[in-house]
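The values are calculated or read from the model by the stated rules, or taken from the named source; none is laboratory data. Fair warning: this is a prediction, and the values are worked out from it, not measured in the lab. Here the Cβ is made from the backbone with ideal geometry for all residues, glycine too, and neighbour counts use every protein chain on show. The protein model used for the area step is the full one, side chains on, heavy atoms only, and it has no ligands, DNA or RNA in it. Shrake-Rupley method; radii C 1.70, N 1.55, O 1.52, S 1.80 Å.
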Amino acid sequence: QVQLVESGGGLVQPGGSLRLSCVASGSAFRAYAMGWYRQAPGKQRELVASINSLGRPNYADSVKGRFTISRDNAKNTVYLQMNSLKSEETAVYYCNRAVLGYFPWGQGTQVTVSS
């Protein structure tokens, strides 16, 4: 079964950047569209970016032009480059399948945007 481990979060000032990584165990990862989700306190988890198995990305309107999702299937890794971060984007960020169900959720990585 695929296990997901997210990393790269931290404290950053508004306008700053972070790069998140998600490493998946097992080769099954490569066949699936993957996504980055975030969940802020008291809010539902939302999908902010996804990438299909061929590398085609898709973004929520709120992050278009600022976030970039990519994947390296040889490394079983999905990345999320986040630029021009805003305070309201403080949340725990998770990766998982973007469609047709989910792998078991990882622990996520905390992103705090604050001055």
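Worth pointing out:
- Consider region 88-114 and keep the residues that are hydroxyl-bearing (S, T, Y) and surrounded by 13 or more Cβ atoms within 10 Å (Cβ to Cβ). The one that is nearest to Q1 (Cα to Cα) is Y102.
- Hits in region 18-38 (condition: in contact with a Gly (Cβ under 6 Å, 6 or more places away or on another chain) and either among the small types (G, A, S) or within 15 Å of R56 (Cβ to Cβ) (or both)): S21
- Test: residue in region 70-82 that is part of a loop (DSSP other than H, G, I, E, B) and farther than 21 Å from V5 by Cβ: no
- The C-beta contact set for region 89-115 (first residue farther than 23 Å from K64 by Cα, second residue modelled with pLDDT under 95 and open to solvent by less than 20 Å² (accessible area, probe 1.4 Å), distance under 6 angstrom, 6+ apart or interchain) comprises F103/V2.
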